[in-house]
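Worksheet for the structure shown next.
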Amino acid sequence: MHGRRTALTVAWLVLLTAVQVAAFLLIWRFAVRTEHGQLLDTIALTGNQIGQDHIDELVGTVLNAMSVVSLVAATAVIGFIALIRGRVALAVVATLLVVGANVTTQVLKYLIHRPDFGVDPERAGAGNSLPSGHTTIAAAVAVALVLVLPPKVRAWGALVAVAYTALAGVATLSAGWHRPSDAVASLLIVGAWAAVAGILLLLFQREDAQVESQDAHWRAVTLFGLAGLVLLAVAGYALYSTDEVLSIPVEELNRPRLFDAYLGGASAIAGTASVMMALLLVSVYRVVPRHRG
């Protein structure tokens, strides 16, 4: 029974990895390699100017808190939590997740070429910005934290983690640092690495592992899943609405249209973060189970 359950969990995590990699490739292909996708992203990014003065301080605080030093410190804390729980393999895998996701993001950012279709001449010189490094930092730390937390506080930790991840991703859009697709792509990278981390944890799982159904946190899974789907539906509607005005130059679009596009981009980021956390919680109680005694 234990072997069959482990095999099913591995199959689920492999599928999850493949789906998120495929989603990343689709976003890259559409948002970076096509004029249509670049235009939608540009309209959403331009909409960040509406009401920007009211959130500048918050956005600056969130983004300035993310640095190499803070990433190292957060990773060390995550590893320490795992070690004081007696989980050496968990400490190693959680660290690997954070490092792997961030290295993947930086390598892809360097390798991906963004063709210039004349859609966004102000930022054309900056080149490619997909995926978002800041969003990757926030999401990787948040996911790793959920992995190492004890089951009793995991759901509350997941709530804080998804809120922080969504806030960081939207902040990059609000600051004008990244397009919506950049942040969403980063979340998919972290999600894929989380699934790979789950597979590794199953390989190193001890014989005294005790999977408890009460550790599944199905209420939290349902909450994050439904919230994510609603936000993605909002993003889809905004995408459809913005698609209808692509023939109008960006500088001639009115404020409601620009704000709708920005809101859609923000909803896509927050929705992806929420769904990613729901998918993580579905399997985390199996890959990080209790130990007898």
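The values are calculated or read from the model by the stated rules, or taken from the named source; none is laboratory data. What you see is a predicted model; the values in this text were computed from it and never measured. Cβ: placed from backbone, ideal geometry, glycine included. Neighbour counts: every protein chain shown.
Things to note:
- Flag if Arg114 is out of contact with any Leu (no Cβ under 8 Å at 6 or more places or on another chain) and of a type in the set (Lys, Arg): no
- Among helices (runs of 4 or more DSSP H) entirely within the range 1-104, having at least 1 residues that are farther than 24 Å from Leu130 by Cα singles out 2-27, 52-64, 68-84.
- Residue match in the range 258-266 (condition: of a type in the set (Gly, Ala, Ser), in contact (Cβ under 8 Å) with a residue 12 or more places away in the chain and farther than 22 Å from Leu188 by Cα): no
- Being free of Cβ contacts under 8 Å to residues at least 24 places away in the same chain and of a type in the set (Asp, Glu) holds for only one residue in Asp116, Asp120, and it is Asp116.
- Matching residues in the range 52-85 - criterion: being modelled with pLDDT under 85 and over 16 Å from Trp177 (Cα atoms): His54, Val68, Val69
- Among the residues examined, Glu251 does not qualify as modelled with pLDDT under 95, charged (D, E, K, R) and under 24 Å from Trp28 (Cα atoms).
- Residue match in the range 2-9 (condition: of a type in the set (A, V, I, L, M, F, W, C) and touching a residue at least 24 places away in the same chain (Cβ under 8 Å)): no
- Odd one out for Trp156, checked against (1) free of Cβ contacts under 8 Å to residues at least 40 places away in the same chain; (2) within 21 Å of Leu108 (Cβ to Cβ): (2)
- Screening Met276 with (1) modelled with pLDDT of 95 or more; (2) surrounded by fewer than 13 Cβ atoms within 10 Å (Cβ to Cβ) gives one miss only, at (2).
- Going through (1) in contact with a Pro (Cβ under 7 Å, 6 or more places away or on another chain); (2) modelled with pLDDT under 95 one by one, Leu108 falls short only on (2).
- Odd one out for Ile248 among (1) outside any helix (DSSP H, G or I); (2) touching a residue at least 12 places away in the same chain (Cβ under 8 Å): (2)
Let's see how each residue does on (1) more than 23 Å from Arg154 (Cα to Cα); (2) under 22 Å from the mean Cα position of the chain (by Cα):
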residue: Phe24; (1), (2): yes, yes
residue: Glu57; (1), (2): yes, no
residue: Val68; (1), (2): yes, yes
residue: Ala73; (1), (2): no, yes
